[in-house]
Amino acid sequence: MASESNVQASVVAKSMVRRFLPQPVAEVLKWIKRIALLLANCSYDFWRYVKFSSAVFRGDSEEKLRALITIHYHSIEKGLSLKNPRPGFGVSAIKTLLEHISLYVLRYGPAPHLSVPINALSAYVDYNRSKGSINESLERSVRELAATYRAALGEIPSGGGAVRRTREEILRAVEGVGADFFNMRYSVRNYAPDDVPIALIEEAVRRAQKAPAVCNRQSGRAWVVSDPATIARVLEIQGGARGFAEGVNKVIVVTSDLCNFQSPGERYQSWIDGGLFAMSLIYALHSLGLGSCCLNWSMEYTRDIQLKKFLGIGQSETIIMLVAVGNLPDELMVAESCRKSIGEAAVFL
């Protein structure tokens with residue numbers, strides 16, 4: 001009752017303001033309110049980036065340090081993938097990488113994901129040896145890192161460095177994919193009643209992990225919601241699935257972790273990388289015969305906090321969007337969603 005009274009009082013107050021204030025003054029007050037709201041939301045994003053990225057507090061958590069390691073080992077991979085890498089390239093990046101790995105092991109101990117930078121360093125050493133460029137100090141450091149890993153975790157698995165692919169392999173992999181694959185992807189709001197196996201969602205996420213990511217940091221994450229009551233509450237908070245929410249079988253909350261970013265220039269990168277991951281996930285669901293619908297998350301900070309608190313999502317995560325998922329029925333209606341002409345979508349210089 002108290003809440004209803006407050007709402008009614010607010011409506012009455014607004015009505016009185018509109019009635020008695022001159023129109024220009026009322027417009028100025030509206031602008032002030034909008035600016036204050038925008039500042040509050042920008043401040044929310046700003047302080048989250050300050051706290052959780054490495055732009056200010058560099059590498060002061062495990063996730064941040066892991067991201068810094070990824071940045072520098074991937075610079076080795078990029079160098080090795082060039083047509084004719086210069087022997088001895090990337091000296092400063094390799095020095096920083098070794099420092100970061102040593103600090104990680106000191107703070108957190110050997111971890112399985114360190115096999116990738118160790119393999120990248122080993123590939124770098126092998127390449128330089130093949131070109132007659134020998135750095136005994138670096139080679140000793142890499143051997144010591146490998147020995148530390150093996151002593152704690154066993155043999156080092158493969159993965160890391162550069163791999164050779166052929167044009168024939170790539171063309172063979174995509175030969176069955178034509179324009180119809182893209183043209184038949186729709187936002188689906190009609191679903192069959194049967195359950196979507198978690199194994200299919202896992203496979204979709206696995207395929208989506210091949211989405212491009214800045215320096216291979218892979219900040220994207222999928223929070224998969226299966227419980228019907230939880231789905232109902234999540235969709236209620238989001239507010240954009242009215243009319244089809246009851247048919248949704250899974251909801252995926254796509255996020256991007258700010259701990260993966262390390263400079264003021266990357267302040268928007270979570271939305272870019274998270275968006276690429278989300279789009280790859282949607283095409284992966286489509287490739288597995290599942291229907292999906294993107295649900296917008298351009299929300300004010302209060303709603304962001306509400307959903308994170310409800311699902312237990314940390315504040316370092318930026319929510320990119322929600323994706324409703326279900327099985328396709330035999331027949332369904334979809335919005336045609338006509339696209340712009342190619343002349344509007346592309347500029348040829």
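Once you have the Kirkwood Rh of the range 30-110 from its Cα pairs, apply Stokes-Einstein at 20 °C and 1.002 mPa s and quote D in µm²/s. Before the final figure, lay out each step's value.
Details: Rh = 15.5 Å.
Translational D for this selection: 139 µm²/s.
Accessible area per residue of the range 223-274 at 1.4 Å probe, in Å²? List each step's numbers first, then the result.
Details: 2180 Å² over 52 residues.
Value returned for the range 223-274: 42 Å² of accessible area per residue.
Can you pull the accessible area of Lys340 for me, 1.4 Å probe, Å² to the nearest 10?
Near enough 150 Å² of accessible area.
How would Cys259, Cys294, Cys338 line up by accessible area, probe 1.4 Å, largest first?
On the way: Cys259 15, Cys294 55, Cys338 110 Å².
Result of the area sort, largest leading: Cys338, Cys294, Cys259.
Could you state how much accessible area His100 has, in square angstrom rounded to the nearest 10, with a 1.4 Å probe and all protein chains kept in place?
We get 30 Å² for His100.
Restrict the search to the range 304-349; then list the GluC sites (Glu not before Pro) that DSSP places in a loop and that have at most 12 other Cβ atoms within 10 Å of their Cβ. Walk me through the intermediate numbers first.
On the way: sites: Glu317, Glu331, Glu336, Glu344; in loops: Glu331, Glu336.
Those that pass, being in a loop and sparsely packed, are Glu331, Glu336.
Mind checking the angle between helix 2-20 and the chain's longest principal axis? C-alpha axes, 0 to 90 degrees, to the nearest 10.
Between the helix axis and the principal axis of the chain, the angle is about 70 degrees.
Whole angstrom only: what separates the Cα centroid of the range 201-237 from the Cα centroid of the range 301-322?
The range 201-237 and the range 301-322 have Cα centres separated by 13 Å.
For the chain, what log10 I(q)/I(0) values come out of the Debye formula at q = 0.14 1/Å, with one point per alpha carbon and no solvent?
-1.28
Tabulate in residue order the Karplus-calculated ³J(HN,Hα) for the range 251-266, using 6.51 cos²θ - 1.76 cosθ + 1.60 with θ = phi - 60°, rounded to whole Hz; enter x for Gly and Pro.
Per residue, the Karplus-derived 3J(HN,Hα) values read 10, 10, 8, 8, 10, 9, 7, 5, 4, 7, 10, 9, 8, x, x, 9 Hz.
Starting from the Kirkwood radius over alpha-carbon pairs of the range 102-166, derive D by Stokes-Einstein at 4 °C in a medium of 1.567 mPa s and give it in µm² s⁻¹. Spell out each step's value before the answer.
On the way: Rh = 12.6 Å.
Answer, rounded: 103 µm²/s.
Please check: in the Gaussian network model of the chain (C-alpha springs, under 10 Å), which one of Leu307, Leu258, Leu82 has the largest mean-square fluctuation.
Residue with maximal mean-square fluctuation among Leu307, Leu258, Leu82: Leu82.
Excluding same-chain residues fewer than 8 positions from Lys33, which lysines have a Cα within less than 19 Å of its Cα?
Counting by Cα, and skipping residues close in sequence, Lys33 has these lysines nearby: Lys14.
Divide by every residue of the chain the summed helix terms, -39500 (n - 2.57) for each DSSP H run of at least 4, and state the resulting mean residue ellipticity at 222 nm, rounded to the nearest 500 deg cm²/dmol.
Details: 13 runs with 189 residues, N = 349.
Helices in the chain give a 222 nm mean residue ellipticity of -17500 deg cm²/dmol.
If one takes the longest principal axis of the Cα atoms in the chain, at what angle in degrees, from 0 to 90 and to the nearest 10, does the Cα axis of helix 23-52 lie?
The answer is roughly 30 degrees.
Any idea how far the Cα center of the range 39-90 sits from the one of the range 118-141, in Å?
If we compute the Cα centre of each part, the gap is 23 Å.
Using every pair of alpha-carbon atoms in the range 23-167, split the distances into 5 Å bins beginning at 0 and state the percent of pairs per bin, rounded to integers.
2, 8, 15, 16, 14, 10, 8, 5, 4, 4, 4, 3, 3, 2, 1, 0
Give me the dipole magnitude in Debye, nearest 20, for the chain about the Cα centre, with unit charges on the beta carbon: positive for Lys and Arg, negative for Asp and Glu. Provide the component values of the computation, followed by the final result.
Details: 41 positive and 34 negative charges, 231 e Å.
Roughly 1120 debye for the chain.
What does the accessible area of Thr148 come to, in Å² to the nearest 10, when a probe of 1.4 Å is used?
Surface open to solvent at Thr148 totals about 60 Å².
Which whole-number percent of Cα pairs in the range 101-236 have a distance greater than 19 Å? Spell out each step's value before the answer.
Working: 6620 of 9180 pairs.
Tail of the P(r) past 19 Å holds 72 percent of the pairs.
Taking amide H positions as placed 1.01 Å from N in the peptide plane, with prolines and chain starts having none, which residues 5 or more places from Leu295, or on another chain, fall under 5 Å of its amide H?
Leu322, Val323, Ala324
Of all accessible surface on the chain at a 1.4 Å probe, what whole percent is carbon and sulfur?
Details: 12020 of 21130 Å².
For the chain, the apolar C and S fraction of the accessible surface comes to 57 percent.
Reachable aspartates and glutamates from Lys308, Cα under 17 Å, same-chain residues fewer than 8 places away excluded?
Reachable aspartates and glutamates: Asp45, Asp227, Glu236, Asp257, Glu300, Glu317.
Check cross-link reach from Lys83 to the lysines: straight Cα distance under 19 Å, and skip same-chain residues fewer than eight apart.
Reachable lysines: Lys131.
Over its Cα atoms, what ratio of radius of gyration to 2.2 N^0.38 Å does the range 127-193 give?
Details: Rg = 23.2 Å, N = 67, 2.2 N^0.38 = 10.9 Å.
Output field value: 2.13.
For the chain, build the charge dipole from Cβ charges (+1 Lys, Arg; -1 Asp, Glu) around the Cα centre, then report which of Val214, His72, Pro264 sits farthest towards its positive end.
The residue sitting farthest along the positive end of the dipole is Pro264.
Of all trypsin sites (Lys or Arg not before Pro) in the range 231-306, which ones are in loop regions per DSSP and have a Cβ with at most 11 other Cβ atoms within 10 Å? Provide the component values of the computation, followed by the final result.
Details: sites: Arg233, Arg242, Lys250, Arg267, Arg303; in loops: Arg242, Arg267.
Counting only loop positions with at most 11 other Cβ atoms within 10 Å, the trypsin sites (Lys or Arg not before Pro) in the range 231-306 are Arg242.
The values are calculated or read from the model by the stated rules, or taken from the named source; none is laboratory data. Predicted, not measured: the structure shown is a model, and the values here were computed from it. As a convention, Cβ positions derive from the backbone with ideal geometry for all residues, glycine included, and neighbour counts pool all protein chains shown. Side chains included, ligands, DNA and RNA excluded: accessible areas come from the protein's heavy atoms. Shrake-Rupley method; radii C 1.70, N 1.55, O 1.52, S 1.80 Å.
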